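Below is one structure, written out as structure tokens, with a few remarks after it.
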Amino acid sequence: MVTSVAPRVESLSSSGIQSIPKEYVRPEEELTSIGNVFEEEKKRDGPQVPTIDLKEIDSEDQVVREKCREQLKQAAIDWGVMHLVNHGISDELMDKVREAGQAFFNLPVEEKEKYANDQASGNVQGYGSKLANNASGQLEWEDYFFHLIYPEDKRDLSIWPKTPKDYIEVTSEYARQLRSLATKILSVLSLGLGLEEGRLEKEVGGLEELLLQMKINYHPKCPQPELALGVEAHTDVSALTFILHNMVPGLQLFYEGKWVTAKCVPNSIIMIIGDTIGILSNGKYKSILHRGLVNKEKVRISWAVFCEPPKEKIILKPLPETVSETEPPLFPPRTFQQHIQHKLFRKTQDALLNKQS
């Protein structure tokens, strides 16, 4: 039996506490920017996360096709995040994925504990809560379920939820369709850098090696949302991240020096460019800083799928075509694993410095 290291946030939330434990409270400098997410989402002034309509991405009309692809490329350069609509994945399938994940989290905590992961021993797949992985010892207001969903031969179905009964079927189908969408996006981003169409896909591991990891983030109601964060500010290490959510706002992007709240766009999938593509493109495509807010009124659930290159097989560095005398390489060569370690080390150093200052 796996013992749970941190209390489940869901249990804290439903215990009736009026104030959150101190390890969930953000540092002073972050608190000034945390507002009411429902108010933030209503704002119409200021920059908005772009919505990209993919309907014409493969149009036979060259002008129409190029216009669509140019918009996608531009959003990747300016923002590094976008709402994708007409992406080819049916509303029905997305609803089923949401219903299946919601049904799992509706189970009693004791039931979910049967799927608990054991992060201490490196077993990260399964049901968990954030352990402090930096020196500040801070926790996020979320529980989650994490598992590899593609390629199919690398999955461990034994740890996938058995309830609801269609969880495996709908999640597998969603993974297959998302994998095709990733190929489509990567080819447009390749062409946008002046590379041949299949280049970025090859550079991140291709069909055999690119891993799709799903993390269902469950953010219970929080008695003091102005003090907590659902997900702390970070950039994704992935190549691409695709996010579905239950239409409760919470995602914020750090754009031009300010936190911008992503709107809830019906039937969209949010796509974020991760560090991997940021590195390969030598910073031409942006890996944007983002975080998640929580609230008092509604549970927020999001389904994030991280498309990740293999940990050791590929050296990530700016592609030669993206480098010139005037644009030297911005990133040193590292494996994906080394990149993750480097980020964790920097985070720990920063946290120690903050404690001392």
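Read-outs: derived from the displayed coordinates by stated rules, not from any lab. Only a predicted model underlies this, so the values are computations on that prediction, with no experimental measurement involved. For neighbour counting, all protein chains shown are included, and Cβ atoms are generated from backbone atoms with ideal geometry for every residue, glycine included.
Observations
- Leading residue at positive end of dipole, the range 1-81 (Cβ point charges), from G80, S15, F38: S15
- Toward the positive end of the charge dipole of the range 9-308, with +1 on the Cβ of Lys and Arg and -1 on the Cβ of Asp and Glu, the farthest Cα among N123, Q213, H290 is that of H290.
- Placing +1 on each Lys and Arg Cβ and -1 on each Asp and Glu Cβ, with no other charges, gives the range 67-136 a dipole about its Cα centre of roughly 300 debye.
- Projection of the Cα convex hull of the range 50-93, averaged over all directions and equal to a quarter of that hull's surface, yields 3.2 nm².
- The charge dipole of the chain, taken about its Cα centre with unit charges on the Cβ of Lys, Arg, Asp and Glu (plus for the first two, minus for the last two), comes to roughly 600 debye.
- Estimated 222 nm signal from helices in the chain, with DSSP H stretches of n ≥ 4 weighted -39500 (n - 2.57), rounded to 500: -9500 deg cm²/dmol
- Kyte-Doolittle mean at least -0.5, axial Cα span of 18 Å or more - DSSP H helices of the chain: 167-192
- Relative to one another, the C-alpha centroids of the range 74-129 and the range 185-217 are positioned 20 Å apart.
- Long-range amide H partners of K263 with built H, under 5 Å: V49
- Counting charges near P7 (Lys, Arg +1; Asp, Glu -1) among other residues having Cβ under 14 Å from its Cβ returns a value of -3.
- Taking one quarter of the surface of the convex hull spanned by the alpha-carbon atoms of the chain gives a direction-averaged projected area of 18.8 nm².
- For D91, net neighbour charge (Lys/Arg +1, Asp/Glu -1) across residues whose Cβ lies under 13 Å away: -1
- Under the shape rule built on the C-alpha gyration tensor, where the axes satisfy a ≥ b ≥ c, the range 1-119 is oblate, since a/c reaches at least 1.5 while a/b does not exceed b/c.
- Ranked by the mean number of other Cβ atoms within 10 Å per residue, highest first, peptides 334-340, 238-244 order as 238-244, 334-340.
- Among the listed pairs K55/K343; K112/K313; K73/K263, those beyond 29 Å (Cα-Cα): K55/K343; K112/K313
- Translational diffusion coefficient (Stokes-Einstein; Kirkwood radius from C-alpha pairs) of the range 140-184 at 37 °C, 0.692 mPa s, in µm²/s: 278
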